[in-house]
Amino acid sequence: MDFSVSASAMSGETTKEDITVLYVDDEQTNLFSFKASFRRDFNVITATSGQEALKIMEENKVHVAVSDQRMPGMTGIEFFQELKKTQPDPIRVLLTGYADINAVIDAINKGEVYRYVTKPWNSDELRNLINSAFELFRLREENRVLTEKLIRANEQLEFLLRQNLIS
């Protein structure tokens, strides 16, 4: 899996191509509405079920996954639980038209969601939320890269120290 972030994203500049959002909802009108609202800001991919979304995730690099909670077959939380088993990096946002405290608790505890948003969404607020979620994704990726560099540097220093101790 390649979760590298583009040079423009690493510098803090983002373009539509930098941020890929997967939106999962069983209601076709919501999928059309989401895509119409955000296609100019993000690379939007849609799915009508959790199972379809998991297949899409196998073939696409997604930064932010937004899912409706109440869907037949697999809830949004169940989708996030399955997703984090194979791809823990995408930031998860749960979107629902129902105020269900148990869903909120499960979303946090089981699906490790970044935010819980109610329908109907406010486009400006959701756009800002997706941008914030991408920033978190970018920072985590940058941290991972820097940690890997630090580990390699430490290994090289240990090697040099051993060489000096031997000679």
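The values are calculated or read from the model by the stated rules, or taken from the named source; none is laboratory data. Quick caveat, the model's predicted, so the values are computed rather than measured. Cβ coordinates were reconstructed from backbone atoms using ideal geometry, including for glycine residues, and neighbour counts include every protein chain displayed.
Before moving on, here are some points about what is shown:
- The residues of the range 28-54 that are assigned to a loop (DSSP other than H, G, I, E, B), touching a residue at least 24 places away in the same chain (Cβ under 8 Å) and within 19 Å of residue 131 (Cβ to Cβ), listed by number, are 40, 41, 42.
- Only a single criterion out of (1) surrounded by 12 or more Cβ atoms within 10 Å (Cβ to Cβ); (2) part of a helix (DSSP H, G or I) is not satisfied by residue 152, namely (1).
- Filter result for residue 89 (surrounded by fewer than 20 Cβ atoms within 10 Å (Cβ to Cβ), modelled with pLDDT of 90 or more and of a type in the set (Asp, Glu)): yes
- Within the range 123-133, at least one residue is under 25 Å from residue 37 (Cα atoms), β-branched (Val, Ile, Thr) and touching a residue at least 40 places away in the same chain (Cβ under 8 Å).
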